[in-house]
Amino acid sequence: MSEEILDATLLSLLACPQDKGPLQLVRDANGDSLLYNPRLRRVYPIDNGIPVLLVDEARDVSDGEDATFTAQV
């Protein structure tokens, strides 16, 4: 399980590279932190506490994941 935590100030400054909108910090089923864009239903990984905001590294989420992530916010 990943224990990285993003500072609230840093999180407020981060934006999705695709639509330039805000991202939400969520946890997946494994307990790993991810940055979620609910508008595009895509997640970006966080690698050793560093957000990986590359379009090629993002992945689409399933309906179930979307419901889980939305409930966390």
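What follows is calculated from the coordinates using simple rules that are stated; it is not laboratory data. None of the values given here were measured: they were computed from a predicted structure. No Cβ is skipped: glycine too gets one built from the backbone with ideal geometry, and neighbour counts run over all protein chains shown.
With Cβ to Cβ distances under 13 Å as the rule, what net charge do the other residues near Leu54 carry (K, R +1; D, E -1)?
Within the 13 Å Cβ shell, the charges total -1.
Among (i) 29, 28, 22; (ii) 49, 41, 15; (iii) 31, 23, 19, which one is Cα extents along the principal axes in Å computed from these coordinates?
Entry (i).
Taking a virtual spin label 7 Å from the Cα of Ala71 along the C-beta vector, which residues in segment 13-39 bring their backbone nitrogen under 12 Å of it?
Taking a point 7 Å out along Cα→Cβ of Ala71, the residues of segment 13-39 whose backbone N falls under 12 Å are 29.
Given charges of +1 on the Cβ of Lys and Arg and -1 on the Cβ of Asp and Glu, with all other atoms neutral, how large is the dipole of the chain about its Cα centre, in debye to the nearest 20?
Dipole about the Cα centre, nearest 20: 280 debye.
Starting from 0.36 nm per residue, how many nanometres of slack lie between Val55 and Leu40 once their C-alpha separation is accounted for?
4.2 nm
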